[in-house]
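Written below as structure tokens is the structure these notes are about.
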Amino acid sequence: MTYSLTLLRRPGVRRQRGISLVELMVGLAIGMVVVAGMSVLFANNSRTRAETDKAGQKIENGRYALDLLRTDLQHAGYLAEFDPRQLPLPAARPDICETGLATLKAALGIATSGYDNATPPLPAELNCLPGVVPGTDVVVLRRAATCADGSANCPAWAAPAPIFQASSCDSASELGGIDVNNYYRLADSKATLDLKKRDCTATAEMLRYVVRIYYVAANDKVINDVPDGIPTLKRAELVNSGAGTAFTSVTSLVQGVENLQMEYGLDTNNDGIADVYAPAPGTWCAAQVPPIANGTCWSAVVSARLSLLTRSVEPGSGYTDTRRYILGQKADASGASATDNEVGPFNDRFRRSVFQSVVRLENVAGRRSTP
């Protein structure tokens, strides 16, 4: 008997084969298109995120710089219980970088002063400020520290930096007398600080005398004689330099601050309210009839209009700055605010913003306010 075997196949089952070259190439092409699309999307997202970070940093830097200046302006003129209006005022505005004790005493009644639009060649009075950007303003603020020397968390005083003391004692040898020089002390040594508190027994608090200059420098840092090219708001402060007092403490505060402009509010009728704003108060006062002495003019500053121009620290991508910016008003021939102080266009790849604020000098305006 003969037997035959028949192989039965399950219906629908095929023998497996590999993919063809054409199919492989089509699959690779599709994959490359997807990868390219994802790469473009990722690059665009990264670029957008970078631009957003730059814009955020620019805005944050501008707000921080504005807050720094606003806070220090509000404290300008603080001298504890002493009212400096009793002192004679200098005929001229004190030089910004002057550190002599006699000059500091003469300027006690001038809480703030400044230099409008520093223009090359820069004057000798700005020689304590390295790298001032031409066309920007310089402002100096004077006051006593708000904490007593030796108290917790208060920066320590070191001779021969200036130190201030105000009397609260009504004895004949201090406030009860007629000699204003016995109402306060400004010295470079504690040896002469002998004024008393209200009980006329305890020694009155000793306060560091603070003089700060704010300005815009062309660079944040210079490393190996190579400037970094980042415009920066800086502050020079009067400190003990070892051999005497000097504006040696120059601190970089905020990167990206490109311009600083000030308009000073002058109280012309002694009511504590600004009656006129002048970018160049000395010029405005000299144009009055009769002319007002420069020192007297600056002592009448009770407020300030502050304008800052900030830019991103790094250039943007695919962007050109063709905008114009208004930084308050610039002075006319009389020194008063007149036409818009316009800057730009810069035609570069940096993004910019303007920050402005009106600040009241509380200590000065408060003394002049009519009850």
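The values are calculated or read from the model by the stated rules, or taken from the named source; none is laboratory data. Predicted, not measured: the structure shown is a model, and the values here were computed from it. Quick reminder, even Gly has a Cβ in these numbers, built from the backbone with ideal geometry, and neighbours come from all protein chains shown. Heavy atoms of the whole protein, side chains included, go into the accessibility calculation; ligands, DNA and RNA do not. Shrake-Rupley method; radii C 1.70, N 1.55, O 1.52, S 1.80 Å.
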- Message: Looking at the chain as a GNM with Cα springs under 10 Å, which of Ala102, Ala300, Ala218 has the largest mean-square fluctuation?
- Response: Ala102
- Task: Once you've got the GNM for the chain with C-alpha springs shorter than 10 Å, pick whichever of Leu126, Leu24, Leu233 has the biggest mean-square fluctuation.
- Result: Leu24
- Suppose R0 equals 51 Å; then what is the FRET efficiency for Asp225 and Ala36 from their Cβ-Cβ distance, rounded to the nearest 0.05? 0.65
- Could you give the size of the charge dipole of segment 270-371 about its Cα centre, using +1 on the Cβ of each K and R and -1 on the Cβ of each D and E, expressed in debye and rounded to the nearest 20? 220
- Message: Need the full-extension length gain, Tyr64 to Ser173, defined as separation in residues times 0.36 nm minus the C-alpha distance. One decimal, nm.
- Response: 34.7 nm
- Query: Of Asp83, Asp332, Asp199, which has the largest mean-square fluctuation in a 10 Å C-alpha GNM of the chain?
  - Reply: Asp199
- For Cα Rg over 2.2 N^0.38 Å the list reads [x] 1.57; [y] 1.08; [z] 1.01; the calculated value is entry [x]
- Item | Helix 21-75 vs. the chain, principal-axis angle (Cα, 0 to 90°, nearest 10) | 10
- Message: With 28 Å as the cut-off, how large is the P(r) tail for segment 89-241, expressed as percent of Cα-Cα pairs?
- Response: 33
- Where q = 0.13 Å⁻¹, what log10 of I(q)/I(0) comes from the Debye formula for segment 265-371, counting one point per Cα? -0.60
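Please get the size of the charge dipole for the chain, origin at its Cα centre, with Cβ charges of +1 on Lys and Arg and -1 on Asp and Glu, quoted in debye to the nearest 20.
That gives the chain a dipole magnitude of about 2400 debye.
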- Note on the structure: Computed over the chain, protein heavy atoms only, probe 1.4 angstrom, the accessible area per residue in square angstrom equals 53
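Using a 1.4 Å probe over the heavy atoms of the protein chains, calculate the carbon and sulfur portion of the accessible area of the chain as a whole percent.
Numbers: 10660 of 19760 Å².
Using a 1.4 Å probe with all protein chains present, the chain comes out at 54 percent carbon and sulfur.
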- Along the positive direction of the dipole of segment 96-181 (beta-carbon charges: Lys, Arg +1; Asp, Glu -1; about the Cα centre), which of Gly131, Val180, Asn153 reaches farthest? Gly131
- Message: Using the Cα centre of segment 245-371 as origin and beta-carbon charges of +1 (Lys, Arg) and -1 (Asp, Glu), tell me which of Tyr325, Gln288, Trp298 is placed farthest towards the positive end of the dipole.
- Response: Tyr325
- Item | Label-point separation in nm, Ile19 to Ser252, each point 7 Å along Cα→Cβ | 5.5
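When the chain is fully extended, how far beyond the present Cα-Cα distance does Ser189 get from Ala124, taking 0.36 nm per residue of separation? Before the final figure, lay out the partial values.
Details: separation 65, 0.36 × 65 = 23.40 nm, distance 2.85 nm.
Extending this stretch completely gives an extra 20.5 nm.
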- Mind jotting down the distance between the C-alpha centroids of segment 280-314 and segment 177-210, whole Å? 32
